[in-house]
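The values are calculated or read from the model by the stated rules, or taken from the named source; none is laboratory data. In this text, all values refer to a predicted model and were calculated from it rather than measured experimentally. Here the Cβ positions follow ideal geometry from the backbone for every residue, glycine too, while neighbour counts run over all protein chains shown. Heads up: the accessible areas ignore ligands, DNA and RNA and are worked out on the full protein's heavy atoms, side chains in. Shrake-Rupley method; radii C 1.70, N 1.55, O 1.52, S 1.80 Å.
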Amino acid sequence: MTDYLIKNGFVFDPVQGINGDKVDVAIKDGKIVDAGDVTNPTIIDATGMTVMAAAVDIHAHVAGPKVNMGRNFRPEDKLFNCTAGSGMKRMEGGFSVPTVLRTAYLYARMGFGFSMEAAMPPLYARHTHEEIRDTPIIDQGALPVFGNNWFVLEYLKENEIENTAAYIAWLLNQTKGFGVKCVNPGGTESWGWGLNCETVDDVVPYFDVTPRQIVSGLIEANEYLGLPHCMHVHGNSLGEPGNYGITLDTLKIAEGVKPQNDFGREVVLHNTHLQFHCYGGESYASKSFESKSKEVVNYINSVDNISYDLGVVTLDETTTMTADGPFEHHLSHMNNLKWANTDVELETGSGIVPFIYNPKTFIAGAQWAIGLECGLFIKDPMRAYITTDAPNAGPLCRYPRVYKWLMSAKARDDMLDNTLKYGDKIRERCYIGELDREISLYELAMMTRAGPAKTLGLSHMFGSLKPGLEGDVAVYPYNPETDTDDPEKIEYAFGNAAYLIKGGKLIVKEGEIVDMGNKRTFWVNAKVNENPMVERDISEKFRRYYTVTQNNYTVEGPHFVPNPYVIEVDATK
Amino acid sequence: MAKIVTDVVCPFCGTLCDDLEVALSDDGKEILEVYNACAIGATKFLHSQASDRLTRPQKKQEDGSWKEVTYDEAADYTAKMLVDAKKPLMYGWSSTSCSAQGVGAEIGEEVGACMDNTATVCHGSTLIAVQDVGVPSATLGEIANRADRVVFWGCNPAHAHPRHMSRYSIFPRGFFTGKGSKSRQMIVVDPRNTDTAKMADVHLQLEQGHDYELLSAIRVAIRGEKLPDVVAGISKEQIYEVADTLKSGRFAVIFFGMGVTHSLGKNHNIDIAISVTRDLNDYTKAAIVPMRGHYNVTGSGQVWGWQFGFPFCLDLTRGFARYNPGDSSSNDLLVRDELDAVFVLGSDPGAHFPVRSVKKIAQLPSVCIDPHITPTSAVSKMHVPVAFVGVEVGGCAYRMDNVPIETKKVVEPPEGMLTDEEFLQLVLNRVRELKGAA
């Protein structure tokens, strides 16, 4: 394997406290090493460029059944953007829901090394893994959804944490999943009857359990197992005006819970796409709707065991997709566009609706502002991660644009003054006008690398340039000393990495993709004590209520997970 | 003592039953008996045991006789045919595994082919309708556990998906449907008095070709608006009654088949059937599920979806993916004489395409990859028999509700036979050699 030495770049690595210093970064046998430890390395000249560890995406919908439904039912998403293969690259297509190949190439060009697929319906785990397998270059994992699973609902009604944990361990093993995702707890099961859970205390029909019990129980079970990642929640009433109170209710469930794990993770709850959960007012009209990002982020600032990602609206035509079935139904009634829905037996549901965040409307502009506020109010950037909940609030390819807005007050003002029709109204109803903070490159490295890696329990592999970590390094054509004059340079640079080294392999060279890398699928194998009751419950449910047999449920074999990276967790003690 | 293999997945129809048991001879080489399967499924397994089965590729001679060739020669012929063609059609992809479909997609991309699957003469109109209005759906287990109103529209599962009603839709005693068929109202809409219709609580025997009108009338009735006395041959009283039945259910589901997808109106029939389902969701819970035919036609749409972004009718000839049903659909390409080679795998267009299209296949350089001797293989220039997916080799397949299930290998294929994935890999390697040399 070739050794690399990246010389003369401006290095940003918050884990080591390196803030723009000119440090050489060396890679040997796929790992970061001290610069003196490489012999005859290939030299990469990063003079005048920014060097960071490869980025880590904690939440994106890039593989699986609803993503593919988004592709197949939106041919218009590929209009004029399908491109031919060239060199190593195959054909690509799609804007908001790109094909797996475009997803991989995009991530590489943006300097990413790891991406977490945010919601995997367990019954469809094979599909998710087939797409992950066909997405080259980046390492990926997938979070199975638990928040509406019948086993979980039944156990948590009686607060049976040990049984819940045993079931989670079993399911992660069966589906080759990474952690615990919880989407609209209880609400999606209610949607099986066309209903919803709108607050944390609404009761799930028949199962007689509340979202509060589900969230609390899943956090406990997650810590009981000591999984690398914490409980990853998308709370009730996403996108509803006035939902910030419900968000605070959800966050407060984690109060006082201490993380228990061997991975250096310090939070117990990750609230994803916080932007959608920070709304005040009673309707979407500009005289009622208001931002409550400050209230929510202030609460998060006051505790130390919660992280979140932003979910910034990028003002594009995109495709929304979520396991929050009732929300998508609601959305389809708002915009009257096509609506796809799939309820999944015993487990979850999902919906998909195209959506146009129109900058000429007040509400889209306000959502844009709230997403950025979520990034700007944070005191500890190690707990706030930049996402667009791709493709829900915006397509994957817009990440660099979001960085630009966060890093430049000038870019934000330009949007408010020139692009958004209701800029003044948005300044009035949101906090964006009072925020002049500009995220630094050092903070950006926290919010896109060190932070997400830590919360995923992967800080021993990703997120930093510390010797011993994976040889994942991105070099961006951005000079922090001279390129500060024009925010457009930020967007360009972070969308066009000059170099990406992934696992010690040179993937992007002078802006061109030259290697398909050695893609791995991460999953967590949690060992628990034998639990005959849970085993019996599982076989009983398969015998009576599933339409596949238990033996045909397990995801196995090299054609689903050809190159696994298994993280072992022992919860038997 | 026979050896029993359990949890076997049936590689026949989109119902993709996964509870089959297969009895093997002591040496594990021969299938003796198939349990739990329907007559069609069992026959597929047993047929693989036929002693006169073709086990080597054969090439048609000028006098019309067949000459045995090796797999390498067959791969070479196939690769040359595809590379030399300006616009080859690669059709079928429905009776094979997703991994084979994946290799096929790479070949199609390398040679710039038109790629199409059997949806083009089946549920392609459904795919188009879904692109127009979406699709509120559910897995078949949701239906087994919840549905109390079940509609079969233009489909006849009693014969086409024989275990559908017992496994998923009518008879199962699910979690919230403990009384099985007694907890369900079954409505069949079909101009014919089929065996499915005979089982129904209500059979709407509409006039043939008037599905759109009747679906539209049901939408009207759901909203409580006025109807003419008779629509599509059905009295307005009966239409109001059916609308009430659907609205009053806790969970309604519409299954539909070729009776609506390829009768007058085509995708518009499905548009409005989906719209009925959408409307019902304002009153209760409702889902709609296409009765997909081949066991993995759904999978080929998925594989192409994540690789190219479109589920069928792909035109890769310009180097990037284009999708334009009516232009890039197999029959249109064949009839308009736009193709210069035809490659068929996992389907039998010889039996299912209009004779005008089949004649074109017969005139063109053509390769058919199929374990059986079929009307397609008979008109092709090269026939490559392969192992049966789901019997002699495993692989992933997608059920009609898109649930992926891994089919099983039960017995070894006859000595020296390749699987379709292995053969495609030979072709892909050869294509790359040829293109590299060019």
> Checking A:ASN173 against (1) surrounded by 24 or more Cβ atoms within 10 Å (Cβ to Cβ); (2) within 26 Å of B:GLY299 (Cβ to Cβ), which single condition isn't satisfied?
Replying inline: (1)
>> Looking at (1) surrounded by fewer than 21 Cβ atoms within 10 Å (Cβ to Cβ); (2) small (Gly, Ala, Ser); (3) away from chain A (no Cβ under 11 Å), which one does B:SER275 not meet, given that it meets all the others?
In response: (3)
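Please enumerate the residues belonging to region B:177-188 that are within 13 Å of chain A (Cβ to nearest Cβ) and either touching a residue at least 40 places away in the same chain (Cβ under 8 Å) or of a type outside the set (Gly, Ala, Ser) (or both). Spell out how you get there, then give the answer.
To start, the set of residues in region B:177-188 that are within 13 Å of chain A (Cβ to nearest Cβ) comprises B:177-178, B:180.
Within region B:177-188, B:THR177 is the sole residue that qualifies.
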> Looking at region A:86-102, which of its residues are part of a loop (DSSP other than H, G, I, E, B), at the interface with chain B (Cβ under 7 Å from one of its Cβ atoms) and open to solvent by less than 40 Å² (accessible area, probe 1.4 Å)?
Replying inline: A:MET91, A:GLY93, A:GLY94, A:THR99
>> Out of everything in region A:236-261 that is surrounded by fewer than 24 Cβ atoms within 10 Å (Cβ to Cβ) and in contact (Cβ under 8 Å) with a residue 60 or more places away in the chain, what residue ends up being farthest from A:GLY394 (Cα to Cα)?
In response: A:ASN261
> Out of all the residues in region A:68-84, which are more than 7 Å from every other protein chain (Cβ to nearest Cβ), of a type outside the set (D, E, K, R) and either on the phi > 0 side of the Ramachandran plot or surrounded by 14 or more Cβ atoms within 10 Å (Cβ to Cβ) (or both)?
Replying inline: A:MET69, A:GLY70, A:PHE80, A:ASN81
> For region A:258-302, which residues satisfy the criterion of being assigned to a loop (DSSP other than H, G, I, E, B) and either of a type in the set (Phe, Trp, Tyr) or under 16 Å from A:PRO241 (Cβ atoms) (or both)?
Replying inline: A:PHE263, A:CYS278, A:GLY281, A:GLU282, A:SER283, A:TYR284, A:ALA285, A:SER286, A:LYS287, A:SER288, A:PHE289, A:LYS292
> Which ranges mark the helices (runs of 4 or more DSSP H) fully within region B:338-414 that have 3 or more residues being open to solvent by less than 10 Å² (accessible area, probe 1.4 Å) and within 14 Å of chain A (Cβ to nearest Cβ)?
Replying inline: none
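This table checks each residue for (1) within 12 Å of chain B (Cβ to nearest Cβ); (2) within 19 Å of the chain's Cα centre (by Cα).
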{"residue": "A:ALA118", "(1), (2)": "no, yes"}
{"residue": "A:PRO121", "(1), (2)": "yes, yes"}
{"residue": "A:ARG133", "(1), (2)": "yes, yes"}
{"residue": "A:ILE138", "(1), (2)": "no, yes"}
{"residue": "A:GLY141", "(1), (2)": "no, yes"}
{"residue": "A:PHE146", "(1), (2)": "no, yes"}
{"residue": "A:TRP150", "(1), (2)": "yes, no"}
{"residue": "A:GLU154", "(1), (2)": "yes, no"}
{"residue": "A:LYS157", "(1), (2)": "no, no"}
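Any idea which of B:ALA85, B:ALA50 is crowded, with 19+ Cβ neighbours inside 10 Å and away from chain A (no Cβ under 14 Å)? Before you say what the answer is, go through the steps one by one.
Numbers: B:ALA50 fails: crowded, with 19+ Cβ neighbours inside 10 Å.
Exactly one residue qualifies, and that residue is B:ALA85.
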> Looking at B:THR194, is it surrounded by fewer than 24 Cβ atoms within 10 Å (Cβ to Cβ) and within 22 Å of the chain's Cα centre (by Cα)?
Replying inline: yes
> Given region A:385-468, what helices (runs of 4 or more DSSP H) lie entirely inside it while holding 2 or more residues that are surrounded by fewer than 24 Cβ atoms within 10 Å (Cβ to Cβ)?
Replying inline: A:399-407, A:409-414, A:423-429, A:441-445
> Any residue at all in region A:28-39 that is away from chain B (no Cβ under 14 Å), touching a helix residue (DSSP H, G or I) at 6+ places or on another chain (Cβ under 9 Å) and open to solvent by 40 Å² or more (accessible area, probe 1.4 Å)?
Replying inline: yes
> Among B:ALA138, B:ALA100, which is the only one that is closer than 30 Å to B:SER25 by Cα, modelled with pLDDT of 95 or more, buried (at least 24 other Cβ atoms within 10 Å of the Cβ) and of a type in the set (A, V, I, L, M)?
Replying inline: B:ALA100
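Those residues that are free of Cβ contacts under 8 Å to residues at least 60 places away in the same chain and touching an Asp or Glu at 6+ places or on another chain (Cβ under 6 Å), I need them from region A:269-280; list them, please.
Keep residues of region A:269-280 that are free of Cβ contacts under 8 Å to residues at least 60 places away in the same chain, which gives A:269, A:271, A:277, A:280.
If the condition is that a residue be free of Cβ contacts under 8 Å to residues at least 60 places away in the same chain and touching an Asp or Glu at 6+ places or on another chain (Cβ under 6 Å), then A:GLY280 is the only one that fits.
Go through region B:247-271 and give me each residue that's of a type in the set (A, V, I, L, M) and either over 23 Å from the mean Cα position of the chain (by Cα) or within 14 Å of another protein chain (Cβ to nearest Cβ) (or both).
Within region B:247-271, B:ALA252, B:VAL253, B:ILE254, B:ILE270 qualify.
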>> If I filter region B:59-66 for residues that are buried (at least 16 other Cβ atoms within 10 Å of the Cβ) and small (Gly, Ala, Ser), do I get at least one hit?
In response: no
> Taking region B:415-438, which residues are among the polar types (S, T, N, Q) and not in a helix (DSSP H, G or I)?
Replying inline: B:THR419
> Can you find a residue in region A:341-348 that is over 19 Å from A:ARG71 (Cα atoms) and in a helix (DSSP H, G or I)?
Replying inline: no
>> Restricting to region A:56-66, name every residue that is more than 8 Å from every other protein chain (Cβ to nearest Cβ) and within 20 Å of B:THR126 (Cα to Cα).
In response: A:LYS66
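Going through region A:300-348 one residue at a time, which ones are among the polar types (S, T, N, Q), within 14 Å of chain B (Cβ to nearest Cβ) and surrounded by fewer than 20 Cβ atoms within 10 Å (Cβ to Cβ)?
A:ASN335, A:ASN336, listed by residue number.
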>> What's the number of the only condition in (1) under 22 Å from the mean Cα position of the chain (by Cα); (2) surrounded by fewer than 23 Cβ atoms within 10 Å (Cβ to Cβ); (3) not β-branched (Val, Ile, Thr) that A:CYS278 fails to meet?
In response: (2)
>> Please count how many residues of region B:278-337 are within 7 Å of chain A (Cβ to nearest Cβ), β-branched (Val, Ile, Thr) and surrounded by 24 or more Cβ atoms within 10 Å (Cβ to Cβ).
In response: 0
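Just to be sure, is A:ILE370 buried (at least 21 other Cβ atoms within 10 Å of the Cβ), over 26 Å from A:ASN196 (Cα atoms) and not assigned by TED's automatic domain parsing to the domain that holds A:ASP13? Lay out the reasoning, then the answer.
Numbers: buried (at least 21 other Cβ atoms within 10 Å of the Cβ): yes; over 26 Å from A:ASN196 (Cα atoms): no; not assigned by TED's automatic domain parsing to the domain that holds A:ASP13: yes.
No, not satisfied.
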> In the set B:GLY141, B:GLY154, B:GLY174, which member is touching a residue at least 24 places away in the same chain (Cβ under 8 Å), within 7 Å of another protein chain (Cβ to nearest Cβ) and in contact with a strand residue (DSSP E or B) (Cβ under 9 Å, 6 or more places away or on another chain)?
Replying inline: B:GLY141
> Do you know which of the residues in region A:26-85 that are touching a Leu at 6+ places or on another chain (Cβ under 7 Å) and among the small types (Gly, Ala, Ser) is farthest from B:PHE310 (Cα to Cα)?
Replying inline: A:ALA35
